[in-house]
Amino acid sequence: MPDPQLVLAARVQAALGAAFGPSYADADPVIRPSSFADLQANVALPLAKKLGRKPRDVADEIVAHLDTADVVADVQVSGPGFINLTLSDGWIAAAAQRALTDERLDVPLVDKPHKVVVEYSSPNVAKEMHVGHLRTTIVGDALARILGFLGHEVIRDNHVGDWGTPFGMLIEHLLDLGEDAAARGDSSVSDLTEFYQAARRKFDGDEAFADRSRRRVVALQAGDAETLRLWNVLVDVSKRYFNAVYGQLGVTLSDADIKGESFYNDLLEPTVRELEEKGIAVVSEGALCAFPPGFTGREGEPLPVIIRKSDGGYNYSTTDLATIRYRVDTEHVDRMVYVVGTTQALHFQMVFAVARMAGWLNDDVRAEHAQIGNVLGTDGKLLRTRAGGTVKLSELLDEAVERAGAVFDEIQHDQPYDDATRAAIVRDVAMGAVKYADLSVARDSEYVFDLDRMISFHGKTGPYLQYAVARIRSIFRKGGLTPEQAAGPIVLGHPAERALALELLGFGAVVQQAGETTEPHRLASYIYAVADAYTTFHENCPVLKAPDEQTKASRLALCAATLRTLVTGLDLLGVPTPERM
Ligand code: ARG
């Protein structure tokens with residue numbers, strides 16, 4: 001899909017080269033949407049300074065050299081030297097037509113595909129998933145889909161917290177309850193919060209239990225077979241729970257994507273050895289530390305990344321360093337995207353800095369922390385239950401389904417659906433609502449988790465967009481043809497048709513940007529803009545009752561192109577689109 005902005009940028013650059021010499025041909029033409037024309041180039045003003053000429057003269061000279069053929073219908077110099085560009089209807093129509101007939105909506109695959117690890121969700125074993133994990137799951141899944149669509153090789157990676165000292169007490173507690181409690185699905189085990197807290201209480205109050213737990217940690221780390229078997233029982237209980245949540249959300253993570261902290265256990269020692277050999281890890285106050293340059297504490301003292309504690313134990317940072325080393329040496333990735341909360345920003349900055357010192361990360365292999373902001377309750381504070389505990393994800397999602405059902409029944413009182421169909425639609429609406437609300441906010445901003453606002457059929461919501469899709473599908477059902485049969489040709493008459501077609505052409509560039517910046521909210525906003533342009537079109541341009549057959553064919557083709565753009569875009573966000581609503 002030719003992004004009009006890019007096409008015009010190339011033309012303006014060619015004009016710059018022709019007017020002022022080849023050294024100007026790669027200046028940024030600064031082309032932006034404008035309310036005066038389709039697009040505006042703001043290049044004459046900055047250039048005028050360099051050339052020592054009047055900005056308007058520079059603008060006139062660019063225009064004189066501009067090749068407008070096929071693409072530009074009108075060009076005007078305005079104000080101090082802005083260049084206003086109006087695209088030709090024929091070019092827009094032809095580009096929309098190409099998108100319609102191309103299975104990728106004419107979105108090109110990237111020239112240089114990367115091997116990208118997208119690390120997301122990453123909940124902790126034997127602990128409840130919380131709303132923070134909800135967001136890393138939803139955003140990470142969207143990023144994995146987007147990068148995959150662009151043609152990158154994506155490795156989904158669920159870095160679950162499945163290792164460390166708490167597992168001693170958790171295993172002992174499991175033994176006390178009896179393994180068959182886990183097999184039966186007894187709530188004393190499957191209610192993870194309850195299970196964890198009960199173990200903690202015993203650990204704090206019962207010396208003998210605490211002793212057993214500590215011995216169990218030693219056995220676990222030594223790889224004792226029976227201990228590992230018990231550990232696996234716990235991991236399985238949690239996996240079952242994670243998968244239930246993933247299934248509910250419709251995210252693309254599977255067991256095969258789990259590479260938890262335990263996976264790197266055997267790699268910790270060689271990683272540490274390499275850091276020592278390279279002179280990066282040094283002993284400080286009994287612990288083995290790295291001091292990445294530029295990180296200092298309040299008093300200006302260098303801040304350490306602790307690699308091995310004075311008791312010989314490794315920690316969270318060590319695992320993350322071993323992970324980077326593994327991804328570089330074994331998986332040969334070019335890019336790592338960490339979809340993790342903003343609260344861990346300093347941790348990642350320091351770990352990445354140490355990895356650069358070690359040469360694992362460099363200009364060719366980059367690591368990025370895609371920061372995720374907090375989820376707040378309607379009171380503006382971190383989302384908590386009334387009792388003050390963390391909110392359980394599965395319960396939150398159940399509540400979303402319940403509310404979506406109520407809202408749906410209200411707007412669809414004489415719905416023709418049987419129970420199963422209704423339930424499927426309601427589930428899609430609920431998950432679409434939760435996901436779109438999450439994705440439409442910049443990922444590093446906080447947002448308020450407000451089911452009432454999310455599950456509304458008005459405004460910038462998932463259900464509104466799903467409804468827009470269902471409405472277009474119903475036009476095709478009424479018209480007795482499938483969207484695939486709408487072949488056009490697209491001809492633009494009414495301004496609402498032109499505005500819609502122009503909006504559709506922005507899809508490829510937005511997806512590309514969302515992948516590059518790891519910011520799915522750009523795509524979320526774009527999809528809303530498409531739905532908005534479609535609504536104006538729908539209100540002004542009758543489709544099935546169009547004045548003549550040619551207009552009808554063109555409008556049906558516009559509907560089909562819109563439908564595919566919305567469905568593809570929403571699918572990249574992981575938002576389902578029910579056939580009917
Ligand atoms: N399990 C961690 C948590 O729940 C998140 C892990 C993030 N990823 C990482 N490579 N450290 O907070």
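So that you can scan it fast, the table gives a plain yes or no per residue for (1) within 16 Å of the ligand (Cβ to nearest atom); (2) of a type outside the set (A, V, I, L, M); (3) crowded, with 18+ Cβ neighbours inside 10 Å; (4) assigned to a helix (DSSP H, G or I):
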{"residue": "P292", "(1), (2), (3), (4)": "no, yes, yes, no"}
{"residue": "T319", "(1), (2), (3), (4)": "yes, yes, yes, yes"}
{"residue": "A322", "(1), (2), (3), (4)": "yes, no, yes, yes"}
{"residue": "R325", "(1), (2), (3), (4)": "yes, yes, yes, yes"}
{"residue": "E331", "(1), (2), (3), (4)": "yes, yes, no, no"}
{"residue": "V339", "(1), (2), (3), (4)": "yes, no, yes, no"}
{"residue": "V354", "(1), (2), (3), (4)": "yes, no, yes, yes"}
| What single numbered condition from (1) within 19 Å of E516 (Cβ to Cβ); (2) over 19 Å from the mean Cα position of the chain (by Cα); (3) hydrophobic (A, V, I, L, M, F, W, C) fails to hold for M357? | (1)
| note | How many residues of region 463-493 are open to solvent by less than 30 Å² (accessible area, probe 1.4 Å), at pLDDT 95 or above and over 22 Å from E410 (Cα atoms)? The answer is 5
| field | strands (runs of 3 or more DSSP E) (entirely within region 1-80) containing at least 1 residues that are surrounded by 14 or more Cβ atoms within 10 Å (Cβ to Cβ), in contact with an Asp or Glu (Cβ under 7 Å, 6 or more places away or on another chain) and in contact (Cβ under 8 Å) with a residue 12 or more places away in the chain | value | 72-78
| note | Counted residues in region 341-352 being more than 8 Å from the ligand (Cβ to nearest atom) and under 19 Å from R443 (Cα atoms) come to 5
| remark: Note on L234: of the conditions (1) within 16 Å of the ligand (Cβ to nearest atom); (2) open to solvent by 40 Å² or more (accessible area, probe 1.4 Å); (3) at pLDDT below 95, unmet is (2)
| Scan of region 403-421 for residues that are modelled with pLDDT of 95 or more and open to solvent by 40 Å² or more (accessible area, probe 1.4 Å), ordered by number | R403
| query | From L253, L192, L268, which residue is open to solvent by less than 60 Å² (accessible area, probe 1.4 Å), touching a Phe, Trp or Tyr at 6+ places or on another chain (Cβ under 7 Å), within 16 Å of the ligand (Cβ to nearest atom) and over 30 Å from V305 (Cβ atoms)? | reply | L192
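Looking at region 273-290, which of its residues are open to solvent by 20 Å² or more (accessible area, probe 1.4 Å) and part of a strand (DSSP E or B)?
V282, V283, S284
May I ask you to say which residue of A496, A529, A514 is touching a helix residue (DSSP H, G or I) at 6+ places or on another chain (Cβ under 7 Å) and surrounded by fewer than 18 Cβ atoms within 10 Å (Cβ to Cβ)? Quick ask: steps written out before the conclusion?
Values: A496 fails: surrounded by fewer than 18 Cβ atoms within 10 Å (Cβ to Cβ); A514 fails: surrounded by fewer than 18 Cβ atoms within 10 Å (Cβ to Cβ).
When all the criteria are applied, what remains is A529.
Tell me which residues, restricted to region 107-124, are part of a loop (DSSP other than H, G, I, E, B) and either more than 9 Å from the ligand (Cβ to nearest atom) or closer than 18 Å to V154 by Cα (or both). Working first, answer last.
Going residue by residue through region 107-124, those that are part of a loop (DSSP other than H, G, I, E, B) are 107-114, 120-123.
Those that are part of a loop (DSSP other than H, G, I, E, B) and either more than 9 Å from the ligand (Cβ to nearest atom) or closer than 18 Å to V154 by Cα (or both): V107, P108, L109, V110, D111, K112, P113, H114, Y120, S121, S122.
Select from region 302-317 the residues that are polar (S, T, N, Q) and away from the ligand (no atom under 15 Å from the Cβ) and list them in ascending order.
So in region 302-317, the residues polar (S, T, N, Q) come out as 310, 315, 317.
Answer for region 302-317, where residues must be polar (S, T, N, Q) and away from the ligand (no atom under 15 Å from the Cβ): just S310.
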| query | What do you reckon, is G359 surrounded by fewer than 14 Cβ atoms within 10 Å (Cβ to Cβ) and over 27 Å from S238 (Cα atoms)? | reply | yes
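Identify, please: which residue in region 365-384 is out of contact with any Lys or Arg (no Cβ under 8 Å at 6 or more places or on another chain) and open to solvent by 40 Å² or more (accessible area, probe 1.4 Å) and is, among those, nearest to R443 (Cα to Cα)?
Restricting to residues being out of contact with any Lys or Arg (no Cβ under 8 Å at 6 or more places or on another chain) and open to solvent by 40 Å² or more (accessible area, probe 1.4 Å), the top hit is N374.
What's the total number of residues in region 124-133 that are in contact with a strand residue (DSSP E or B) (Cβ under 7 Å, 6 or more places away or on another chain) and over 14 Å from A370 (Cα atoms)?
Here is the first cut: in region 124-133, the ones in contact with a strand residue (DSSP E or B) (Cβ under 7 Å, 6 or more places away or on another chain) are 124-125, 128, 130-132.
Narrowing further to those that are over 14 Å from A370 (Cα atoms): 124-125, 128, 130-131.
Residues in region 124-133 being in contact with a strand residue (DSSP E or B) (Cβ under 7 Å, 6 or more places away or on another chain) and over 14 Å from A370 (Cα atoms): 5 in total.
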| request: Give the residues of region 127-165 that are in contact (Cβ under 8 Å) with a residue 12 or more places away in the chain, away from the ligand (no atom under 12 Å from the Cβ) and over 20 Å from A442 (Cβ atoms), sorted by residue number. | output: F149, L150, G151, H152, E153, V154, I155, R156, T165
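The values are calculated or read from the model by the stated rules, or taken from the named source; none is laboratory data. Since the model is a prediction, treat every value here as computed from it, not as a measurement. No Cβ is skipped: glycine too gets one built from the backbone with ideal geometry, and neighbour counts run over all protein chains shown. Heavy atoms of the whole protein, side chains included, go into the accessibility calculation; ligands, DNA and RNA do not. Shrake-Rupley method; radii C 1.70, N 1.55, O 1.52, S 1.80 Å.
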